[in-house]
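Engineer: Okay, here's the structure, questions in a sec.
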Amino acid sequence: MSDIDMDASGASSSTSSTSEKYDVFLSFKGEDTRNTFTSHLYAALERKKIKTYIDEKSLERGDRISPALLEAIRISKISIIVFSKNYASSSWCLSELVHILECHGENKHMVIPIFYNVDPSHIRKQEGSYRETFLKHEEHFKDDMDRVRKWRVALTESANLSGWDSRITR
């Protein structure tokens, strides 16, 4: 299991059981893309009968990820990460990303990044809005800089994967 902190309640925010394997797990910053790009992506996957996990509740519940969400990532075949301008502002999204990449490394879980109106190099190097966000994370998590380091490594690693840049691909 991951070294990510887990929610003590263990409550699932999924509308379906995590005992079934998912084809795709969607990771995204809700306020950036939930009602635009991500909702369209989810609908397209569902139309193609691709079983997709999407968290229907706000991801801003604190710094802990529930065991149910970690399990949903683990049992998915593919994770699609929708990087947006504010993705890294969520410690929840960043911890989710760390777990996705751990699964990728352990069992060849496929990871597909989508760079939604954001420069992949800003993610890779934590520049632009990602730089500003990490200055805040370093202040907020000054007693847990190892967590911040893991987030930085995960962003760099995921931005180096082959994916789609919405500014280039339509």
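The values are calculated or read from the model by the stated rules, or taken from the named source; none is laboratory data. If you're wondering where the values come from, they're calculated on a predicted model, not measured in any experiment. Virtual Cβ from ideal backbone geometry, glycine too; neighbours counted across all protein chains shown. These area figures cover heavy atoms from the full protein model, side chains too; ligands, DNA and RNA do not enter into them. Shrake-Rupley method; radii C 1.70, N 1.55, O 1.52, S 1.80 Å.
Engineer: Every residue in region 76-116 that is of a type in the set (F, W, Y) and free of Cβ contacts under 8 Å to residues at least 40 places away in the same chain, please. Outline the logic, then answer.
Structural biologist: At the first step, the residues of region 76-116 found to be of a type in the set (F, W, Y) are 83, 87, 92, 115-116.
Correct list: W92 only.
Engineer: Please determine whether any residue of region 4-17 is modelled with pLDDT of 90 or more and among the hydrophobic types (A, V, I, L, M, F, W, C). Can you show your working first?
Structural biologist: At the first step, the residues of region 4-17 found to be modelled with pLDDT of 90 or more are none.
So far as region 4-17 goes, no, none of its residues is modelled with pLDDT of 90 or more and among the hydrophobic types (A, V, I, L, M, F, W, C).
Engineer: Give me the pairs: first residue in region 27-49 and open to solvent by 70 Å² or more (accessible area, probe 1.4 Å), second residue in a loop (DSSP other than H, G, I, E, B), beta-carbon distance under 8 Å, and six or more apart or on different chains, which are they?
Structural biologist: E31/N86
Engineer: Let me ask something else about it. Count, please, the residues in region 131-165 that happen to be over 12 Å from S91 (Cα atoms) and of a type in the set (D, E, K, R).
Structural biologist: Result for region 131-165: 10.
One line per residue, one yes/no per condition, for (1) in contact with a strand residue (DSSP E or B) (Cβ under 8 Å, 6 or more places away or on another chain); (2) without any contact (Cβ under 8 Å) to a residue 24 or more places away in the chain; (3) open to solvent by 70 Å² or more (accessible area, probe 1.4 Å); (4) not hydrophobic (A, V, I, L, M, F, W, C):
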{"position": "T133", "(1), (2), (3), (4)": "no, no, no, yes"}
{"position": "K136", "(1), (2), (3), (4)": "no, no, yes, yes"}
{"position": "K142", "(1), (2), (3), (4)": "no, yes, yes, yes"}
{"position": "R149", "(1), (2), (3), (4)": "no, yes, yes, yes"}
{"position": "A154", "(1), (2), (3), (4)": "no, no, no, no"}
{"position": "S158", "(1), (2), (3), (4)": "yes, no, no, yes"}
{"position": "W164", "(1), (2), (3), (4)": "yes, no, yes, no"}
{"position": "I168", "(1), (2), (3), (4)": "no, yes, yes, no"}
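Engineer: Is it fair to say W92 is within 21 Å of E31 (Cα to Cα), open to solvent by 60 Å² or more (accessible area, probe 1.4 Å) and of a type in the set (F, W, Y)?
Structural biologist: Numbers: within 21 Å of E31 (Cα to Cα): yes; open to solvent by 60 Å² or more (accessible area, probe 1.4 Å): no; of a type in the set (F, W, Y): yes.
Taking the combined requirement at face value, the residue does not satisfy it.
Engineer: I'm trying to understand the selection: among the residues of region 95-112, which are of a type in the set (D, E) and open to solvent by 10 Å² or more (accessible area, probe 1.4 Å)? Give the derivation first.
Structural biologist: Just the residues of region 95-112 that are of a type in the set (D, E), to begin with: 96, 102, 106.
Once the filter is applied, which keeps residues that are of a type in the set (D, E) and open to solvent by 10 Å² or more (accessible area, probe 1.4 Å), region 95-112 yields E102, E106.
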